[in-house]
Amino acid sequence: MSKIWPGFNLAFQSWPIRPMPTVIVLTIFQILVNFAVLAAAARAQGTTVKLIQLLVTGPSVLLGFIFGLVVLSIFKRLTEKFPQQSTALYWLGGAFFGAAMSLARILSISDLTPEYWKDPATAVRVFIGASMLFLTVQVSLGVSNARLAEQVAVAEAAKASLEVQRGKLISAQEDVRRQIADFLHDRLQSDLVLLGIQMQRFIEKLSDKDRSVAQAYIEEIERIRQFDVRSVSKQLAPELTGPFLRPALEDLLSSYLNVIEVQLKLSEHGNLTPQLKLACYRIVEQGLLNAAKHAAADQVSITVIENSNQLEILVKNNGVLLQPNPVAGAGFAIIEDWVGQFDGTWSLSSAENQTVLAVTLRF
């Protein structure tokens, strides 16, 4: 009994009325039934179905299509306008639909109509059959759409969960970068300063020749501290608290200027959030890294345009063109993660002998 009750519940609950699918199914069903009845009658008489007999059923089919579509369209609008009365209107719509089909059959009666269709009981059978067909179609479509809606809801929940996990992954990556940057900026720089001081004291005891060699090492350590360590620290945790993105991007590009000719075109209005600026920075960083490491490019152009509700990023290089079906690497994953955080889109393609990374971030 517990298994039967859900079936009754599905059959007798109200579903959204769908005029066109219902009328199309009924029309096809009516044509098939008409042909089957004519074929059975002809076989009983030892003859075959004639074309004129099929044409005689045409007015009934046409009127049924028109009447059914009008009735169901009216009741569909009524259920939308009066949702609290939707159940009553649903059942009333089924009854009126059956009555419309009976009326279509009665109005289509002519001298050529078979005698058994002129029987008043035929109109009752049409009413019952059309009403049952109405319920069958509504239940079938309703259950299918309900299941589809459940699947869509599950997919949307999975997508939302994926976005949350992606956000956590990005946050974890940036936390690690920031910790390393803090270590380089504070601990490592301090250690290098102390090392330089200790070496400076030590070389005072050396000969002039050895002192000059040691002094060169001290100067190299200081250069590493002042430039290399600071540069790496800035790339790991770029300064993005200001209103504009240009200073951070110029710092990033400066580390590539010795090997790549880089052009930067930037149009910004100072309205970007720190997180959006960081997304842009990381995407440009991956574009530059791909150009230098994989494409062996010597020219790169970067275009960043801030519009009213989106940020457009283009990174073009003249290196080795993109191969068909490229294997997705860590760089692609980083871009995908950042793009997903801002409901954006991205593509990697070849055009005019250049590899083009195109990204759109929405905000």
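Taking Leu311 as the residue in question, decide whether it is at pLDDT 90 or above, surrounded by 14 or more Cβ atoms within 10 Å (Cβ to Cβ), closer than 28 Å to Lys159 by Cβ and in contact with a Leu (Cβ under 6 Å, 6 or more places away or on another chain). Yes, satisfied.
Pairing each residue of the stretch 282-309 that is assigned by TED's automatic domain parsing to the domain that holds Gln341 and farther than 19 Å from Thr360 by Cβ with any residue that is of a type in the set (Gly, Ala, Ser) and part of a helix (DSSP H, G or I), provided the two are 6+ apart or on different chains, yields C-beta distances under 6 Å for Ala297/Ala291; Val300/Ala291. For the stretch 244-258, enumerate the residues that are of a type outside the set (Ser, Thr, Tyr), surrounded by 12 or more Cβ atoms within 10 Å (Cβ to Cβ) and in a loop (DSSP other than H, G, I, E, B). Of everything in the stretch 244-258, those that are of a type outside the set (Ser, Thr, Tyr), surrounded by 12 or more Cβ atoms within 10 Å (Cβ to Cβ) and in a loop (DSSP other than H, G, I, E, B) turn out to be Phe244, Leu245.
Residues in the stretch 259-278 that are part of a loop (DSSP other than H, G, I, E, B) and more than 15 Å from Leu288 (Cα to Cα): Glu268, His269, Gly270, Asn271, Leu272, Thr273. Checking each residue in the stretch 14-24 for being surrounded by fewer than 17 Cβ atoms within 10 Å (Cβ to Cβ) and either out of contact with any helix residue (DSSP H, G or I) (no Cβ under 8 Å at 6 or more places or on another chain) or aliphatic (A, V, I, L, M) (or both) picks out Met20, Ile24. Of the conditions (1) out of contact with any helix residue (DSSP H, G or I) (no Cβ under 7 Å at 6 or more places or on another chain); (2) modelled with pLDDT of 85 or more; (3) not β-branched (Val, Ile, Thr), Ala42 clears all except one; give me its number. Going through the list (1) out of contact with any helix residue (DSSP H, G or I) (no Cβ under 7 Å at 6 or more places or on another chain); (2) modelled with pLDDT of 85 or more; (3) not β-branched (Val, Ile, Thr), Ala42 breaks only (2). In this entry, Ile24 passes the filter for residues that are free of Cβ contacts under 8 Å to residues at least 60 places away in the same chain and in a helix (DSSP H, G or I).
Evaluate the stretch 320-330: report whether one residue or more is part of a helix (DSSP H, G or I) and either surrounded by 17 or more Cβ atoms within 10 Å (Cβ to Cβ) or not polar (S, T, N, Q) (or both). Yes, the stretch 320-330 contains at least one residue that is part of a helix (DSSP H, G or I) and either surrounded by 17 or more Cβ atoms within 10 Å (Cβ to Cβ) or not polar (S, T, N, Q) (or both). Residues of the stretch 333-363 that are within 11 Å of Ile283 (Cβ to Cβ) and either charged (D, E, K, R) or out of contact with any helix residue (DSSP H, G or I) (no Cβ under 7 Å at 6 or more places or on another chain) (or both): Glu336, Asp337, Val339, Gly344, Ala358, Thr360.
The values are calculated or read from the model by the stated rules, or taken from the named source; none is laboratory data. Because the structure is a prediction, the values reported are computed rather than measured. Glycine also receives a Cβ, built like all others from the backbone with ideal geometry; neighbour counts cover every protein chain displayed.
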